[in-house]
Amino acid sequence: MSSALYGLLWVLSRTIGWMCFRYRAIGKVPQRGGVLIASNHASYLDIPLLGCGIPRRVWYMGRHDLFPIPLLNGLLQALGWIPLRIGRLDRDAFSKAVALIKEEKAVAIFPEGGRTMTGALKPGKPGIGVIVSQTGCRVVPAHIGGTFDVLPPGAKWPRFRRVTVRYGEPLDFSADAATLEGKVFYQHVSRTVMAKIAELGQVPNPGDGPVHTGPSQDLAARPAAKSCNAE
């Protein structure tokens, strides 16, 4: 039932996106296998507009207090929302994301940890690296352009502006995991992903220093893709 409702909402979101925001998606997300999709975050519209460019079901990590109504809260969790407590490592939320990826599902995360208040990218949090270290999964960077102009923080009604979502080539961090450990690896993953998101959107990189240029690179330059399953 939840899969059918998700599909219906996917079609509805895509139709509204085309009609109201001249929505278009550039690039592709792998249609099979466990994968983590990492995107910038500027608006409440980011979840539906990120998802309607992906022709597979996606689970979304989002702030736990977005939907305080119990009935709505439960329905959205059934549809794929993973409530995430901000300000600390939410072990329950991250464990659920890890389990879904190991089950060959797609999970979306906003590494900045919350919406930007200015439209500019913020530095990423290290939590994304925790998921990658526990699953060995690939990360698809994505940049959503236009949603800050459509519905910025504090706005009550959306404006009709163009929205474009760009999905980058999957990033494989397995070689880096062999040489980097713990917080160093987590920070490396976060900074590398945010640099790729900035590159996709052609916007300034929010990182506080040069990105480690180790073995990780786009899978397009590799002879074969590796499994996202850590098992």
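The values are calculated or read from the model by the stated rules, or taken from the named source; none is laboratory data. Fair warning: this is a prediction, and the values are worked out from it, not measured in the lab. Quick reminder, even Gly has a Cβ in these numbers, built from the backbone with ideal geometry, and neighbours come from all protein chains shown.
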Only one residue in I86, I54 is modelled with pLDDT of 95 or more and β-branched (V, I, T). Which one?
I54
Enumeration of residues in the stretch 67-84 that are out of contact with any Gly (no Cβ under 8 Å at 6 or more places or on another chain), among the aliphatic types (A, V, I, L, M), in contact (Cβ under 8 Å) with a residue 12 or more places away in the chain and under 27 Å from T164 (Cβ atoms):
L79
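Do we have any residue at all in the stretch 155-164 that's among the aliphatic types (A, V, I, L, M) and exposed (fewer than 14 other Cβ atoms within 10 Å of the Cβ)? Reasoning before the result, please.
Taking the stretch 155-164 as the starting set, the residues that turn out to be among the aliphatic types (A, V, I, L, M) are 155, 163.
Now restrict to residues that are exposed (fewer than 14 other Cβ atoms within 10 Å of the Cβ): 155.
Looking through the stretch 155-164, at least one residue is among the aliphatic types (A, V, I, L, M) and exposed (fewer than 14 other Cβ atoms within 10 Å of the Cβ).
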